[in-house]
Amino acid sequence: RELKFNICELRDSSLLNKDIPNLLDAISAHISEALQYSSLFWSGHLLKSGLKGGDEDAKAPVSVLLTSVKALFWLEVLSLLNMVSQGVVALQESTGFFAVSFFALKYYTN
């Protein structure tokens with residue numbers, strides 16, 4: 001629920017994170033500890049939940065995150081935390097929860 005566009009209300013999106021003045025203060029003010037934690041570790045919890053790849057209880061919320069604009073907001077949080085590499089891990093860990101459609105398979109293998 002907390003993920004949103006320009007979560008830290010930065011004035012200039014063209015700056016590199018290292019060039020943003022008071023970035024740590026902005027992160028503390030706008031990205032709760034709960035959102036930081038869940039952004040980093042949701043996939044690990046999903047794997048340990050006992051749910052299986054076909055379980056709708058697992059697919060629905062993860063699908064909402066990964067197939068909507070919220071995925072970009074999640075990546076922004078990871079970027080601000082300097083943890084984009086954890087996003088790669090999360091995506092790798094969660095791939096077993098989704099079936100690849102024939103269309104996608106055909107499209108990406110041609």
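The values are calculated or read from the model by the stated rules, or taken from the named source; none is laboratory data. The shown structure was predicted, so the numbers you read here are calculated from the model rather than taken from an experiment. Cβ coordinates were reconstructed from backbone atoms using ideal geometry, including for glycine residues, and neighbour counts include every protein chain displayed. We work out accessible area using only protein heavy atoms, side chains counted, and drop any ligands, DNA or RNA first. Shrake-Rupley method; radii C 1.70, N 1.55, O 1.52, S 1.80 Å.
Which FRET efficiency, nearest 0.05, do residue 52 and residue 85 yield, Cβ-Cβ r, R0 22 Å? Walk me through the intermediate numbers first.
Values: r = 27 Å, r/R0 = 1.22.
The calculated FRET efficiency here is 0.25.
At full extension, residue 63 and residue 5 could sit 19.0 nm farther apart than now, given 0.36 nm per residue minus the alpha carbon distance. Neighbours of residue 70 by Cβ distance under 14 Å: Lys/Arg scored +1, Asp/Glu scored -1, total 0. Please give me the summed charge of the neighbours of residue 29: other residues whose Cβ is under 13 Å from its Cβ, Lys and Arg +1, Asp and Glu -1. It works out to a net charge of -4.
Residue by residue, the range 66-72 carries 3J(HN,Hα) couplings of 7, 10, 10, 4, 4, 4, 5 Hz when phi is fed to the Karplus relation 6.51 cos²θ - 1.76 cosθ + 1.60 (θ = phi - 60°); x denotes Gly or Pro. Each residue of the range 8-17 is assigned a 3J(HN,Hα), and the resulting list reads 9, 6, 6, 7, 10, 7, 7, 7, 5, 3 Hz, derived from the Karplus form 6.51 cos²θ - 1.76 cosθ + 1.60 (θ = phi - 60°), x at Gly and Pro.
Atom-type composition of the exposed protein surface of the range 1-69 places 56 percent of the accessible area on carbon and sulfur (1.4 angstrom probe). For the listed peptides 9-22, 66-79, a ranking on the average number of other beta carbons within 10 Å per residue, highest first, reads 66-79, 9-22.
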